[in-house]
Amino acid sequence: MSVRVPAMSVLPPVRRDRVIVQLPQYFRKEAALHTKDEFHNKVKTACQEQRTGTVGFKISKVIVVGDLAVGKTCLINRFCKDAFDKNYKATIGVDFEMERFEVLGVPFSLQLWDTAGQERFKCIASTYYRGAQVVIIAFDVNDIASLGHVRQWLEDSLKENDPTSVQLFIVGTKKDLSSPAQYSQIEQDALKLAQEISAEYWAVSSLTGENVKEFFFRVASLAFETNVLAELEKSGSRQIGDVVRINSTSSNLYATPKKKQPNCCQ
Ligand SMILES: Nc1nc2c(ncn2[C@@H]2O[C@H](COP(=O)(O)OP(=O)(O)OP(=O)(O)O)[C@@H](O)[C@H]2O)c(=O)[nH]1
Ligand SMILES: [Mg+2]
């Protein structure tokens with residue numbers, strides 16, 4: 001017996017553990033992209049009233065950069081596959097994973113780009129930096145040099161992107177390998193740097209899973225919030241989802257539909 005499946009239902013439903021109903025909190029108040037307790041009121045209302053425009057179809061690009069072997073691949077694999085490999089296999093060029101979320105009842109996807117930290121693969125990897133809404137710079141909390149290289153990674157990734165619109169995160173990895181005393185020392189430096197470059201700071205362990213889900217939920221939520229606010233802004237006084245009527249006296253007859261084209265590379 002064959003069952004006809006309508007095209008729209010081919011996508012499986014969003015996993016239950018990818019449903020976000022409340023704004024996940026920052027890791028450190030002194031280095032957060034914002035410190036509000038809840039999603040912006042405008043965002044909550046827009047979601048309730050299903051006025052989120054194209055956001056529900058949007059896939060936001062997230063790039064993960066940082067020195068070789070700091071644990072970028074492990075971080076993504078812990079979140080996306082709940083797996084951890086103790087053997088190092090260098091990423092050659094890039095890899096990516098799709099993660100689907102539901103935020104305040106609205107579908108929202110992240111495309112997580114795992115890039116190579118090794119110098120010889122960097123030029124391939126950097127061609128994939130373009131169009132990122134979120135840049136995650138990873139460093140190893142047990143390796144101060146990798147923290148020192150964060151600025152260089154920032155510069156490289158922003159060359160390909162609009163620095164004013166990118167949401168920036170610095171993530172300290174391998175927290176399980178550091179003693180509390182060592183950790184708090186490097187955290188001071190990391191917080192200072194994060195404040196200087198307006199990044200949000202997190203520390204995680206892909207081995208134990210500590211803070212991994214919390215971190216990606218925060219990334220997804222802040223990216224989502226920004227997208228909904230941008231969509232509301234774009235729509236101005238008109239309601240998202242409304243049909244835009246163009247009458248013959250309109251001077252920008254051709255400009256309006258152009259604007260409405262989906263921006264699929266962001
Ligand atoms: N103890 C511990 N080891 C980790 C953790 N994360 C990664 N590692 C180890 O660090 C090594 C490098 O991890 P990767 O995730 O491959 O590093 P990468 O940043 O993707 O490296 P490149 O792809 O070369 O840029 C591997 O041996 C991992 O098992 C962690 O949280 N704790
Ligand atoms: Mg890798």
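The values are calculated or read from the model by the stated rules, or taken from the named source; none is laboratory data. Predicted, not measured: the structure shown is a model, and the values here were computed from it. Glycine also receives a Cβ, built like all others from the backbone with ideal geometry; neighbour counts cover every protein chain displayed. Remember, those area values only see protein heavy atoms, side chains included, never the ligands or the DNA or RNA. Shrake-Rupley method; radii C 1.70, N 1.55, O 1.52, S 1.80 Å.
Listed peptides 222-228, 128-134 appear in the order 222-228, 128-134 once ranked by packing, highest mean of other Cβ atoms within 10 Å at the front. Our note on the geometry: Cα centres of segment 83-159 and segment 211-232, 17 Å apart. Looking at this model, which pairs from LYS58/LYS122; LYS29/LYS61; LYS72/LYS174 are more than 20 angstrom apart at the alpha-carbon? Listed pairs above 20 Å: LYS58/LYS122; LYS29/LYS61.
With q set to 0.16 Å⁻¹, the log10 of I(q)/I(0) for segment 125-209, from the Debye formula over equal scatterers at the Cα positions, is -0.61. Take GLU119: with every protein chain present and a 1.4 Å probe, its accessible area is about 140 Å². Applying D = kT/(6 pi eta Rh) to segment 1-153, where Rh is the Kirkwood radius over alpha-carbon pairs, T corresponds to 25 °C and eta to 0.890 mPa s, the Stokes-Einstein value obtained is 137 µm²/s.
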